[in-house]
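Values in this text are rule-based calculations from the coordinates and carry no lab data. Everything numeric here is computed off the predicted structure, so don't read it as measured data. Here the Cβ positions follow ideal geometry from the backbone for every residue, glycine too, while neighbour counts run over all protein chains shown.
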Amino acid sequence: MRFDLTDLRLFLVVVEHGSLTRGARVMHLALASVSERIAGMETALGAPLLERNRRGVRATAAGVALVRHARLILGQVEQMRGELRTYATGLKGRIRLLSNTAALAAFLPQQLNRFLASYPDLSIDLEERPSPEIVKALAEGRADLGIVADIADLAALQTHLIAQDQLVVVANRSHPVVTGMPVSFAEILDEAFIGLSDAALETHLADRASRLGRQLNYRIQMRSIENVAMLVEAGNGIAILSEASIDMSRRPGLVISPLSESWTARRLHLCARNFAALTPHASLLAQQLMESAAQPLRSTAPSP
């Protein structure tokens with residue numbers, strides 16, 4: 001079975017537009033040439049890829065599978081081209097780094113600043129992702145390094161402990177329960193919450209609440225910690241966040257109480273599929289991050 005990149009791009013365009021004619025127009029090919037290429041792909045595969053009807057075409061089960069793989073392959077090709085283009089501008093290497101919110105809020109910025117200053121010919125592709133997504137991306141080879149909380153399953157990766165983080169409750173200063181003193185998770189479960197959308201932390205908290213036969217009541221979930229802090233300060237609800245992340249968005253109208261349960265003290269791990277197989281430049285970054293944690297292990301949050 002041989003599909004070239006033009007075949008894959010053509011097939012994606014046809015499926016996305018639902019029409020051979022529109023696909024041919026977008027790809028600047030003759031309709032006969034498009035039909036011939038699709039037919040050749042189906043012959044090579046031994047199964048139909050498109051289902052024709054009066055309104056156009058749609059992918060068969062085999063076609064859906066091909067769409068998934070084609071997007072992955074073409075995405076990797078574009079990533080390769082982008083990385084190779086950097087060599088023409090003087091950069092000698094790129095490092096793909098994924099980080100959860102807590103590490104990105106306080107631990108990483110200073111470390112990355114020092115690394116980039118030390119290696120001006122290197123570049124870093126940094127993305128913020130929930131910890132479970134980072135673990136999956138590393139296991140699939142879509143990133144070099146990741147920093148995750150230990151709420152994720154790390155069994156498939158090699159890890160190094162680099163920092164610690166504490167979950168805290170954030171509330172308006174007039175809140176009767178959250179006063180700055182330690183508070184238990186059960187004490188606040190009847191409160192209205194402001195949450196972070198699409199965050200692994202919220203899944204973790206939901207699991208902990210279900211163990212108590214309870215659930216969290218979210219009034220709204222926001223994309224940024226800054227917006228969560230704004231809504232909490234206005235008295236619209238309380239939030240559970242990492243100490244490191246809220247320290248960067250501290251507001252005068254907020255009070256912060258640590259959660260008293262042992263499971264709320266989280267550890268941050270530097271992860272890779274195989275540290276020994278890292279590229280030389282990714283190894284340099286990994287070494288710096290591990291060395292920064294070699295001193296007495298400290299919280300990611302700056303001292304007050």
* Asked: Could you give the length gained on full extension between R250 and Q215, defined as 0.36 nm per residue of separation minus the Cα-Cα distance, in nm?
  -> 9.9 nm
* **DSSP-defined beta bridges in the chain - what % are antiparallel, rounded to 5** => 60
* Would you kindly state how much longer the chain becomes between Q76 and T203 on full extension, computed as 0.36 nm times their sequence separation minus their alpha carbon distance, in nm to one decimal? => 42.7 nm
* Structure fact -> Rounded to two decimals, the Rg over Rh value of segment 5-87 from Cα coordinates and the Kirkwood Rh reads 1.02
* Listed residues S33, S131, S245, most fluctuating in the chain (Gaussian network, C-alpha, under 10 Å) -> S33
* Asked: Using all Cα-Cα distances in segment 91-295, what percent lands in each 10 angstrom bin from 0 up to the longest?
  -> 9, 34, 32, 18, 7, 0
* To do: In whole Hz, with x marking every Gly and Pro, tabulate ³J(HN,Hα) for segment 270-287 from phi via Karplus 6.51 cos²θ - 1.76 cosθ + 1.60, θ = phi - 60°.
  => 7, 10, 8, 5, 7, 4, 5, 9, 5, 5, x, 6, 5, 5, 4, 5, 4, 4
* In nm, to one decimal, how far is the S224 label point from the S33 one, both placed 7 Å along Cα→Cβ? -> 4.6
* Structure fact -> Connecting every pair of Cα atoms under 10 Å apart in the chain and solving the GNM, the largest mean-square fluctuation among S283, S35, S123 falls on S35
* Asked: Once Lys and Arg get +1 and Asp and Glu get -1 on their Cβ, which of A229, P176, Q158 lies farthest toward the positive end of the dipole of segment 109-245?
  -> P176
* Quickly estimate the mean residue ellipticity at 222 nm for the chain, helices only: each DSSP H run with n ≥ 4 gives -39500 (n - 2.57), and the total goes over all residues, rounded to 500. => -13000 deg cm²/dmol
* Calculate the radius of gyration of the Cα atoms of segment 130-169 to one decimal place, then report Dmax, the largest Cα-Cα distance, as a whole number, both in Å. => 10.8, 36
* Structure fact -> Among L97, L108, L45, the residue with the largest mean-square fluctuation in a Gaussian network model of the chain built from Cα contacts under 10 Å is L45
* Structure fact -> Taking the alpha-carbon centre of each part, the distance from segment 230-285 to segment 40-78 in Å is 42
* Please find the FRET efficiency linking S19 to T279, where r is the Cβ-Cβ separation and R0 is fixed at 45 Å, and quote it to the nearest 0.05. => 0.60
* Kindly write out, for segment 34-40 in residue order, the coupling ³J(HN,Hα) from the Karplus curve 6.51 cos²θ - 1.76 cosθ + 1.60 (θ = phi - 60°), rounded to whole Hz, with x marking Gly and Pro. => 5, 4, 5, 5, 5, 4, x
